[in-house]
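Here is the structure we will look at.
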Amino acid sequence: MRNSQGFWIAAGIMSLLAAPAAAADLVYQPGGVMAPPTDGAANVALKGERFQGVIMYRDKVAETELHLEGIDNIVVLDGDATLIYGGDMKDSRMISEAEFRGSSLSGDTKSLEIHKDDIIQIPAGMAQWIKPHAGGHIRYVVFRVPGRKD
């Protein structure tokens, strides 16, 4: 019941965010939120002309990330983690146009404990680092919609 609740929350957010950029065809991914873990890689669940939805599973600390285009809307499906955001990215490298990865964040950072059923919006241009709690995991959906750091 709780897994289907997370799906409907995510689907509702997606429909609201994608409304201005309505797809020509219906997009349906049966059981999409139950995609198997991929060791930190993104499982693309939904993809449209102006948005993308991915399922993430993390059971260890991954790299930091920063994107200059796209607003990340995150719905936590299960697990717990610390979200560290802001500040400066150490060892930053470009992985694709307007996408960067790094080893850690420093400087003027903030942190937030995130848990199942939480919803977070991260604007373009804000460094972020999701760190699962020791011995635990986090599984979440990221809906990236248009937006730019000006």
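Mind listing just one residue for me: the one in the range 44-74 that is in contact with a helix residue (DSSP H, G or I) (Cβ under 9 Å, 6 or more places away or on another chain) and modelled with pLDDT of 90 or more and, of those, surrounded by the fewest Cβ atoms within 10 Å (Cβ to Cβ)?
Residues of the range 44-74 in contact with a helix residue (DSSP H, G or I) (Cβ under 9 Å, 6 or more places away or on another chain): 45-46, 48-51, 53, 55, 71, 73.
Those left that are additionally modelled with pLDDT of 90 or more: 71, 73.
On the way: 71: 20, 73: 22.
Selected residue: 71.
Residues in the range 110-148 that are part of a loop (DSSP other than H, G, I, E, B) and buried (at least 20 other Cβ atoms within 10 Å of the Cβ): 127 alone.
Being under 13 Å from residue 128 (Cβ atoms), under 15 Å from the mean Cα position of the chain (by Cα) and part of a strand (DSSP E or B), is that true of even one residue in the range 102-109?
Of the range 102-109, the ones under 13 Å from residue 128 (Cβ atoms) are 102, 104-105, 109.
Next, only the ones that are under 15 Å from the mean Cα position of the chain (by Cα) stay: none.
Among the residues of the range 102-109, not one is under 13 Å from residue 128 (Cβ atoms), under 15 Å from the mean Cα position of the chain (by Cα) and part of a strand (DSSP E or B), which makes the answer no.
Hand me the list of strands (runs of 3 or more DSSP E) wholly inside the range 48-100 holding 3 or more residues that are under 11 Å from the mean Cα position of the chain (by Cα) and closer than 24 Å to residue 136 by Cβ.
Result: 52-58, 69-90.
If you filter the range 94-109 down to residues that are in contact with a strand residue (DSSP E or B) (Cβ under 6 Å, 6 or more places away or on another chain) and without any contact (Cβ under 8 Å) to a residue 24 or more places away in the chain, you find that the one that is surrounded by the fewest Cβ atoms within 10 Å (Cβ to Cβ) is 108.
The values are calculated or read from the model by the stated rules, or taken from the named source; none is laboratory data. Just so it is clear, the structure is predicted and the values come from calculations on it, not from any experiment. Every residue, glycine among them, receives a Cβ derived from its backbone with ideal geometry; neighbour counts consider all protein chains shown.
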